[in-house]
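Novice: Structure provided below as structure tokens; questions to follow.
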Amino acid sequence: MAFLARFRYPPCQQVVLPLAAGGSLLRHLYRHALRLFGLERRCSAPWPPFPSLWHHQTHNRLDSREVFTVNHRSLAATLPSPVATFRLALAFAIVALLFTTALHAAAQTHDPPPPRHALSPEAAGDLLFARGEFIEAIDAYSHAPADPVTLNKIGVSWHHLSAVDEAKRNYEQALLLRPNFPEALNNLGAALFTQKKYGQAIRLYRRALKLSPDSAVITANLGTAFFAEGKPGPGIEEYRSAISMDPSVFDLDSLQIIGGPVSDRDRAEQNYCLAELFAQMNAPDRALQFLHRAFNEGFKDRRRLAQDPAFASLRDTADFAELMGEVSYAKK
């Protein structure tokens, strides 16, 4: 007994066990430790060991844990011999070590696995942008490196939200980092066009075309700016060039394509000129499509339509006759 007398334990010490363990794991480890050190026969008392020394405090709970109190002095008085006492103390130490290791392993098995294919901020922004979630896309892009491409994408997102000033600021920042960036030049021109600064927009489109001369989008935007400035001749020529590069350029659903002049009258004239171009390119379906758009915007000049040589091949078709009837009805 003198062996344990050298240790000055406090009268009692609290041992905290999670309720989730249920005591079953600790009971199993305790039995295994007793069997390992040959103490199973000597200590055949039921679980918990020395029940008179373990006091279950059911009234004291800490975050789903049960608190047990061990009276070490009473335990020391009950031990049969110093050797058995040493073995039992060692068994308790092994039990505590194994129990802690088991709980740690169990906690790790419940941690969610890390995502295998996490998207980069820019890729996440592209996905959100494609879904039309522009605010969320801007937030995702803001976590990506502030390079010219990302800044341009942030500007386009703001442009979709009609926040033209914010869009311009991001386009300009992109151009500060990369002055010869044709996409940002085009988009900044589109922002200035929205503010009716057509001359500045035309200059930016021309700069962009020098860097990207085969861009049907930028060419179409330049033509639209000419129409808005009251110059339909140059506008038609730019439209002709854009259609020769890409016949579907005016079908693109993108902010790179300017929506059109501000007034309905100018927009109707623009669509009528596009119908002429498609008729001259032997694309009657596209010509009729843009004629309908012109009429929807308020075009009502039936005489001009009837005498326009560009539509000579369409006048004998039922679709053209129906269209003329709609124009006559609209004039009434």
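Novice: For region 225-233, does any single residue satisfy the condition of being surrounded by 24 or more Cβ atoms within 10 Å (Cβ to Cβ) and touching a residue at least 60 places away in the same chain (Cβ under 8 Å)?
Specialist: Among the residues of region 225-233, not one is surrounded by 24 or more Cβ atoms within 10 Å (Cβ to Cβ) and touching a residue at least 60 places away in the same chain (Cβ under 8 Å), which makes the answer no.
Novice: With the checklist (1) on the phi > 0 side of the Ramachandran plot; (2) crowded, with 23+ Cβ neighbours inside 10 Å; (3) of a type outside the set (Ser, Thr, Tyr) in hand, flag the one item Lys196 doesn't pass.
Specialist: Just one mismatch for Lys196, condition (2).
Novice: How many residues does region 152-191 hold that are in contact with a Lys or Arg (Cβ under 7 Å, 6 or more places away or on another chain) and either surrounded by fewer than 23 Cβ atoms within 10 Å (Cβ to Cβ) or farther than 19 Å from Arg203 by Cα (or both)?
Specialist: 0
Novice: Given the conditions (1) buried (at least 16 other Cβ atoms within 10 Å of the Cβ); (2) farther than 30 Å from Pro234 by Cβ, which single one is not true for Pro145?
Specialist: (1)
Novice: Give just the number: which of (1) in contact with a Pro (Cβ under 8 Å, 6 or more places away or on another chain); (2) of a type in the set (Gly, Ala, Ser); (3) within 21 Å of Glu136 (Cβ to Cβ) does Ala167 not satisfy?
Specialist: Every listed condition holds for Ala167 apart from (1).
Novice: All but one of (1) assigned to a loop (DSSP other than H, G, I, E, B); (2) more than 30 Å from Glu322 (Cβ to Cβ) hold for Asn282; which doesn't?
Specialist: Of everything listed in (1) assigned to a loop (DSSP other than H, G, I, E, B); (2) more than 30 Å from Glu322 (Cβ to Cβ), Asn282 misses just condition (2).
Values quoted throughout were computed directly from the atomic coordinates according to the rules given, and no laboratory measurement underlies them. This is a predicted model, so every value here is computed, not measured. We place every Cβ from the backbone using ideal geometry, glycine too, and count neighbours over all the protein chains shown.
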